[in-house]
Amino acid sequence: WQGSPPPACEPSGTVRGKEMAPMAGGKVRRPILGATALVGGLVALFGLRRGAAPPGIALTKTEGGGLPDDDKAKILDIVGREVMDSRGNPTVEVELTTGYGMVSAIVPSGASTGIYEALELRDGGSRFKGKGVQTAVNNVNRIIAPKLKGKDVRYQKELDEFMVYKLDGTENEWGYPKAKLGANAVLGVSMCLARAGAKAFGLELFEYVSELKETKFDATAVNVKRARSKKYKMPVPFMNVINGGEHAGNKLPMQEFMIAPIGARSFKEALQMGSEVYHSLKSVVKSKYGKDAAAVGDEGGFAPNIQDNDEGLVALQEAIKDAGHTGKVKLAMDVAASEFYISEDQTYNLGFKVENPPASLIKSKQDMMEFYKGIVEKYPIVSIEDPFDQDHWDAYTELVAEMGDKVQIVGDDLLVTNPQRIAYCKEKKAANALLLKVNQIGTITEAMTASLNSVAEGWGVMVSHRSGETEDTFIADLAVGLGSGQIKTGAPCRSERVSKYNQLLRIEEELGNKCSYAGADFRISGLPKKGMFRKPIIGGNWKSMNTVAYTKELLSSFKDSANAHLGETVIFANMLHLPQCLKEMEGTAVNIGAQNFSKTGKGDFTGEVSIGQLQDMGVKWALVGHSERRSLYGETDEDTAVKVKLGLEAGMNVMLAIGETKEERLNGTTVDVCARQLKAVLNKDMDVSNLSIAYEPVWAIGTGLVATPMQAQDTHFQVRMIIRDIFYPNVAVADKIRILYGGSVNAKNCQALGEMPDIDGFLVGGASCKPEFTTIIGSAQDTFKK
């Protein structure tokens, strides 16, 4: 993320048999579409309580500030119409007009569709044999268009939510199926909004997608200069060159055999390699199966009359060799196993396209597992899509465990670009890559959210076409904007497929040296960079009952571990030990801070230590608002605000502790609590150059519950968003504030926590009173250095 806030996030798991409470909370951010039933990280990130109804939709920010008014960015007209796709079936086209001009989008359609996809609305009846889409078109013209006229296209998420929550309103166990308006109606408008939003900002579509990703759909944070100057990643094309399954009339059960030119140096060269292999394959197919076998299927691939999957892989190997690209072009498969799964006995009928298939073609889960292992050992296969049925979770989990390191296991029918299916899949560890199809979910916001959530888990993302395609090139820009590193859009044949490749050529040419080809790193292309992007603070909160002698011994072991160039190390000692600590650490890179000070400023008051007294001792750091001060001594947010103001005005380095109790977490008010605590203290006119924040998940301190690194990251991201709101529009100031994690940090989990990009250090409790604190210091410094 290059220091920007990351996407989120994994659902909560179970710890010692207990279900983790969701990191939920309140009113700071509206939910991303499809997130309402998620628990844990996703709920935290998008601020929606479990079971809550979608909030009202505000189309502009209020009070906190929004984008400057731009009448030209407002929608003047939306028109839907029925057009044809590449298979001769009707589909929806939408045109949207603003003061910046007209944009259009055409919605694709699939043949092999997962049962959990959003609803593609068809008319039924005799017209077009039931496949007409006039009802969806009417929904665009009569329902969506009147409600969106006058709205600002720069608010992609808000408008997508408005269509889904307010105008459609249908919901099921997996999210929002668009069953009233039709996903084909909603998506056409959503794609147009993205194109029109890009025009309003003066950006190319791929640049705008990148900014939507970077800002998590916050229109006020879109940075045109950043979008135009950043480096982009060109995707590896996964070309479907042999068709089977539902895409072809042959007996081949598996749907797609693909080539992936990962050894190319650029997208242009990759396309050349793919084309050369494709034409070599045409010769191979003709020589083996006759001229008739060179006819192409829905996606431009050949459909020779073969049944044995090995036969198709052998043909591909021959074509690669003939084209002179051995070693540079790898293989991939889309099995589409749901098409031939027999749920009654959990078997797979490889002869489903044959009358009375022999028993040898009926395979068990284990048979399929052995088949996949065999072909991966025998052929250079780098990716397998939908190897099992969309509900055969245990089979996926087993395959990922056995082969996931070597091969990308892609979920298409399994995941249907649905954030909630993705969250469930993460728990099951049932895939390591998402096939991203915008029409499976129905809005650009939801599709991008699915990508962000997948990337947050360390998965690959393959942007994909559908078998029923059009001349629309949206997914080419989407792949580049997301930095997915891989795209599947058919063979280098048929204009509806080639149009995407040609758009990618244009983008690569335009970017020049501002882009690179994903190549062999296609699986990790879109993954976030891990590490501390702000100079870390490693704090030790010494709630110590130890003797002065032990304190002296412990401090001496820390002297050489801190490096001031790589981090700031500070020990917050109790008042009795402050003089000894200051003496022992004099001349070292370890700072000494106070655990508290009074509200009285300068002066001497019974039982209190003032900020002036601390400064007189030589103390330059202070901890304010610790959970024990709040819970045991009744300190209020107002008390904390007074102390922070005193400390900063006196030139002290102040660390403000915030966080929720276990009860507040269980009530789903984590974000509300943090927002209240921060807003009581901070205002946009403050000088916060000496301020840091320590988030204390009080519920995870001494309770037996442990936050995962991603759960900690979730809340840190929300905290940063709260701070951004407070300091808006000066978000650069907010992004410089370091946010420390104050949970149960120890030598075992510090590295994983430190790799989360919004965790800028640690406030360590018990472990700071032990020699292992040196390990924690070293881990943070090394992570920042890398």
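From the list 657, 622, 641, pick out the single residue that is under 16 Å from residue 743 (Cβ atoms) and either under 37 Å from the mean Cα position of the chain (by Cα) or polar (S, T, N, Q) (or both).
Of the residues listed, the single one that is under 16 Å from residue 743 (Cβ atoms) and either under 37 Å from the mean Cα position of the chain (by Cα) or polar (S, T, N, Q) (or both) is 657.
Taking the condition of a type outside the set (D, E, K, R) and free of Cβ contacts under 8 Å to residues at least 60 places away in the same chain, does residue 693 pass? Let's see the steps before the verdict.
Working: of a type outside the set (D, E, K, R): yes; free of Cβ contacts under 8 Å to residues at least 60 places away in the same chain: yes.
Spelling it out, residue 693 is indeed of a type outside the set (D, E, K, R) and free of Cβ contacts under 8 Å to residues at least 60 places away in the same chain.
Select, from 489, 473, the only residue that is within 20 Å of residue 93 (Cβ to Cβ) and in contact with a Phe, Trp or Tyr (Cβ under 8 Å, 6 or more places away or on another chain).
Checking each option against the conditions leaves just 489.
Test residue 642 against the stated conditions and say whether it is at pLDDT 95 or above, farther than 22 Å from residue 571 by Cα and crowded, with 16+ Cβ neighbours inside 10 Å.
In short, yes.
Could you list all residues from the stretch 322-332 that are touching a helix residue (DSSP H, G or I) at 6+ places or on another chain (Cβ under 8 Å) and at negative phi?
322, 323, 325, 326, 328, 329, 331
Evaluate the stretch 703-712: report whether one residue or more is open to solvent by less than 10 Å² (accessible area, probe 1.4 Å) and closer than 20 Å to residue 641 by Cα.
no
Between a first residue in the stretch 243-269 that is over 23 Å from residue 361 (Cα atoms) and touching a residue at least 12 places away in the same chain (Cβ under 8 Å) and a second residue that is open to solvent by 10 Å² or more (accessible area, probe 1.4 Å) and among the hydroxyl-bearing types (Ser, Thr, Tyr), which pairs have beta carbons less than 7 Å apart while being 6 or more apart in sequence or on different chains?
Pairs found: 264/517; 265/517; 266/517; 267/517.
Given (1) in contact with a His (Cβ under 9 Å, 6 or more places away or on another chain); (2) open to solvent by 10 Å² or more (accessible area, probe 1.4 Å); (3) touching a residue at least 40 places away in the same chain (Cβ under 8 Å); (4) not small (Gly, Ala, Ser), identify the lone condition not met by residue 427.
(1)
Select from the stretch 100-135 the residues that are under 17 Å from residue 87 (Cβ atoms) and in a helix (DSSP H, G or I) and write down the one among them that is most open to solvent (accessible area, probe 1.4 Å).
129
Kindly indicate whether any position in the stretch 598-608 is modelled with pLDDT of 95 or more and either of a type outside the set (A, V, I, L, M) or crowded, with 17+ Cβ neighbours inside 10 Å (or both).
Checked the stretch 598-608: no residue is modelled with pLDDT of 95 or more and either of a type outside the set (A, V, I, L, M) or crowded, with 17+ Cβ neighbours inside 10 Å (or both).
Of all residues in the stretch 494-518, how many are within 15 Å of residue 239 (Cβ to Cβ) and of a type in the set (Lys, Arg)?
Counting residues in the stretch 494-518 that are within 15 Å of residue 239 (Cβ to Cβ) and of a type in the set (Lys, Arg) gives 3.
Just to verify a result, which residue in the stretch 485-525, among those that are among the hydrophobic types (A, V, I, L, M, F, W, C) and part of a strand (DSSP E or B), is surrounded by the most Cβ atoms within 10 Å (Cβ to Cβ)?
By that ranking, first place goes to 487.
Considering each residue of the stretch 557-606, count those that are in a loop (DSSP other than H, G, I, E, B) and among the charged types (D, E, K, R), and give that number.
Of the residues in the stretch 557-606, 6 are in a loop (DSSP other than H, G, I, E, B) and among the charged types (D, E, K, R).
Applying the selection to the stretch 740-749, what residues are in contact (Cβ under 8 Å) with a residue 24 or more places away in the chain and surrounded by fewer than 24 Cβ atoms within 10 Å (Cβ to Cβ)?
Correct list: 744, 746, 747, 749.
Could you identify the single residue in 469, 377 that is free of Cβ contacts under 8 Å to residues at least 24 places away in the same chain and either among the hydrophobic types (A, V, I, L, M, F, W, C) or out of contact with any strand residue (DSSP E or B) (no Cβ under 6 Å at 6 or more places or on another chain) (or both)?
377
Please state which one of 681, 671, 698 is within 23 Å of residue 729 (Cβ to Cβ), crowded, with 18+ Cβ neighbours inside 10 Å, at pLDDT below 95 and not charged (D, E, K, R).
On the way: 681 fails: at pLDDT below 95; 698 fails: within 23 Å of residue 729 (Cβ to Cβ).
Within the list 681, 671, 698, the selection yields 671.
From the residues in the stretch 548-567 that are closer than 22 Å to residue 785 by Cβ and polar (S, T, N, Q), which one is surrounded by the fewest Cβ atoms within 10 Å (Cβ to Cβ)?
557
Could you list, in sequence order, the residues of the stretch 341-379 that are aliphatic (A, V, I, L, M) and assigned to a helix (DSSP H, G or I)? Outline the logic, then answer.
Looking only at the stretch 341-379, we keep the residues that are aliphatic (A, V, I, L, M), and these are 342, 350, 354, 359, 361-362, 368-369, 375-376.
Listed by number, the residues that qualify are 359, 361, 368, 369, 375, 376.
Go through the stretch 757-766 residue by residue and tally those that are surrounded by fewer than 24 Cβ atoms within 10 Å (Cβ to Cβ) and either of a type in the set (Asp, Glu) or within 27 Å of residue 456 (Cβ to Cβ) (or both).
Residues in the stretch 757-766 being surrounded by fewer than 24 Cβ atoms within 10 Å (Cβ to Cβ) and either of a type in the set (Asp, Glu) or within 27 Å of residue 456 (Cβ to Cβ) (or both): 1 in total.
Scan the stretch 755-772 and report the pairs whose first residue is farther than 21 Å from residue 531 by Cα and whose second residue is open to solvent by 10 Å² or more (accessible area, probe 1.4 Å) and part of a helix (DSSP H, G or I), with Cβ atoms within less than 6 Å and a gap of 6+ or a chain change.
771/557
Answer yes or no: is there a residue in the stretch 189-204 that is within 19 Å of residue 121 (Cα to Cα) and within 21 Å of the chain's Cα centre (by Cα).
Yes, the stretch 189-204 contains a residue that is within 19 Å of residue 121 (Cα to Cα) and within 21 Å of the chain's Cα centre (by Cα).
Working only within the stretch 380-398, note down all residues that are open to solvent by 10 Å² or more (accessible area, probe 1.4 Å), more than 15 Å from residue 434 (Cα to Cα) and part of a loop (DSSP other than H, G, I, E, B).
Passing the criteria: 380, 389, 391.
Please go through the stretch 324-377 and give me each residue that is hydroxyl-bearing (Ser, Thr, Tyr) and closer than 16 Å to residue 314 by Cα, ordered by number.
If the condition is that a residue be hydroxyl-bearing (Ser, Thr, Tyr) and closer than 16 Å to residue 314 by Cα, then 326, 372 are the ones that fit.
Taking only the stretch 266-293 into account, find how many residues are farther than 13 Å from residue 323 by Cα, among the small types (Gly, Ala, Ser) and either open to solvent by 20 Å² or more (accessible area, probe 1.4 Å) or touching an Asp or Glu at 6+ places or on another chain (Cβ under 9 Å) (or both).
Final tally of qualifying residues: 3.
Looking at (1) farther than 22 Å from residue 750 by Cβ; (2) surrounded by 23 or more Cβ atoms within 10 Å (Cβ to Cβ); (3) under 43 Å from the mean Cα position of the chain (by Cα); (4) not charged (D, E, K, R), can you tell me which one residue 581 breaks?
All conditions are met except number (3).
The values are calculated or read from the model by the stated rules, or taken from the named source; none is laboratory data. Predicted model only: the values in this text are computed from it and were never measured. With ideal geometry, Cβ positions are generated from the backbone for all residues, glycine too; neighbour counts draw on all protein chains shown. These accessible areas exclude ligands, DNA and RNA; they are computed on the full protein's heavy atoms, side chains included. Shrake-Rupley method; radii C 1.70, N 1.55, O 1.52, S 1.80 Å.
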